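*Asks:* Before I ask anything, let me first share the structure, which is written out below as structure tokens.
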Amino acid sequence: WRTAHRLSGGQLAGLQWSYLFVLASNACAVAVMVWQMTRRYALAAFAATWYVALLTRFEGLHGSTEPLDTLPLLVGLCFWQGKSLADSNAWWRAIVLGMAIGWSVAMKQQAALLSIAAVALVLQQLLPNATRHRWRWLVLLPVIATVTLLVLTLSEGKALRPLSTGVAMVGEYAPHGSFAGNVWKMVRNDESAALFALALCTGWVAVLVLP
């Protein structure tokens, strides 16, 4: 955002256009991922449209910094394409995915919650019908992400202070209700998204588990 501020000269209109560009980039990345999985342009267009619809339901148009955090990870997922980290191209896919995770966390420390999804790669090793990966790349994935996070943090010329400041700010957040209550609030905010996510996760587990 500092770059956007400099390019726009601090003008509100310029910042707004920069924010819209980030949102559009996120939508395009979502569309690319869906197309890679389905090879159907209609579904890809629907995914991008639904992303925009969800922005209106979850304060995505309020100028928050979260869309900037998700963009590196979405781009990394597009390059990875969900393929096995066991073939001859596994090394660069693991590097790109690890760098994407680290870059996302460097943008905002709360984005570390997104990296929890990488645990699914480990679970795939334990399921009979899942895509297999080489353990060395699964072990190196968090290492690459951590190195990327440290390099980007140190590149600001303030040692590890930006990282420690971000973590401290997270600790200062005042609690608002229970975890279950907040999840239920999000579900009630958009029941269609919650039902679709539940159906998608159920289908994914069924494909991996059932013979």
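*Asks:* Which of the peptides 92-105, 12-25 is most tightly packed, and how do the rest follow, judged by the mean count of other Cβ atoms within 10 Å per residue? Present the calculation step by step, with values, prior to reporting the outcome.
*Replies:* Details: 92-105: 21.9, 12-25: 14.1.
Output ranking for 92-105, 12-25: 92-105, 12-25.
*Asks:* Alpha carbon centre of the stretch 128-172 versus the stretch 84-105: separation in Å?
*Replies:* When both Cα centres are located, 13 Å separates them.
*Asks:* In addition: If all Cα-Cα distances of the stretch 1-45 are sorted into 5 Å bins from 0 onward, what percent lands in each bin, rounded to whole numbers?
*Replies:* Calculated P(r), rounded to whole percents: 5, 24, 18, 12, 11, 10, 11, 7, 1.
*Asks:* To the nearest 0.05, how large is the calculated FRET efficiency for residue 174 and residue 134 if R₀ is 30 Å and r is the Cβ-Cβ distance?
*Replies:* Efficiency computed from Cβ-Cβ geometry: 0.10.
*Asks:* While we're here: Excluding residues fewer than 8 places away in the same chain, name every one of the aspartates and glutamates whose C-alpha is closer than 14 Å to that of residue 185.
*Replies:* Cross-link targets: 59.
*Asks:* Points 7 angstrom from Cα along the Cβ direction at residue 186 and residue 79: gap in nanometres?
*Replies:* Reported label-point gap for residue 186 and residue 79 is 2.7 nm.
*Asks:* Another question, if that's okay. Which of rounded, prolate, oblate describes the stretch 34-193, given a ≥ b ≥ c as roots of the alpha-carbon gyration tensor eigenvalues and a/c under 1.5 marking rounded, otherwise prolate only if a/b is larger than b/c? Show your work: numbers first, answer last.
*Replies:* Details: a/c = 1.64, a/b = 1.08, b/c = 1.52.
Since a/c reaches 1.5 but b/c is at least a/b, the shape of the stretch 34-193 is classed as oblate.
*Asks:* Could you sort the peptides 172-180, 195-203 by per-residue average Cβ neighbour count (10 Å cutoff), highest mean leading? Could you put the intermediate results ahead of the total?
*Replies:* Details: 172-180: 7.6, 195-203: 10.7.
Result, highest mean Cβ count within 10 Å first: 195-203, 172-180.
*Asks:* Excluding residues fewer than 8 places away in the same chain, name every one of the lysines whose C-alpha is closer than 17 Å to that of residue 158.
*Replies:* 108
*Asks:* More than 24 angstrom separation, counting every C-alpha pair in the stretch 1-128; what % is that? Show your work: numbers first, answer last.
*Replies:* Numbers: 2965 of 8128 pairs.
Tail of P(r) above 24 Å: 36 percent of Cα pairs.
*Asks:* Sticking with this one: Leaving out ligands and nucleic acids, and using a 1.4 Å probe, what accessible area per residue does the stretch 44-108 come to in Å²?
*Replies:* Working: 3220 Å² over 65 residues.
For the stretch 44-108, the solvent-accessible area averages 49 Å² per residue.
*Asks:* Describe numerically, in nm with one decimal, the distance between label points set 7 Å from Cα along Cα→Cβ at residue 156 and at residue 210.
*Replies:* According to this spin-label approximation, the distance is 4.8 nm.
*Asks:* If I model a spin label at residue 88 and residue 17 as a point 7 Å from the Cα along the Cα→Cβ vector, what separation in nanometres do I get?
*Replies:* 4.6 nm
*Asks:* Convert each backbone phi in the stretch 95-101 into a coupling constant with the Karplus relation 6.51 cos²θ - 1.76 cosθ + 1.60 (shift: θ = phi - 60°), then list the ³J(HN,Hα) values in order as whole Hz, x for Gly and Pro.
*Replies:* Result, rounded to whole Hz: 5, 5, 5, x, 5, 5, 5.
The values are calculated or read from the model by the stated rules, or taken from the named source; none is laboratory data. All values derive from a computational prediction rather than experimental measurement. Reconstructed Cβ throughout: ideal geometry from the backbone, glycine too, with neighbour counts over all protein chains shown. Quick note on the areas: whole protein, heavy atoms, side chains included, nothing else; ligands and nucleic acids left out. Shrake-Rupley method; radii C 1.70, N 1.55, O 1.52, S 1.80 Å.
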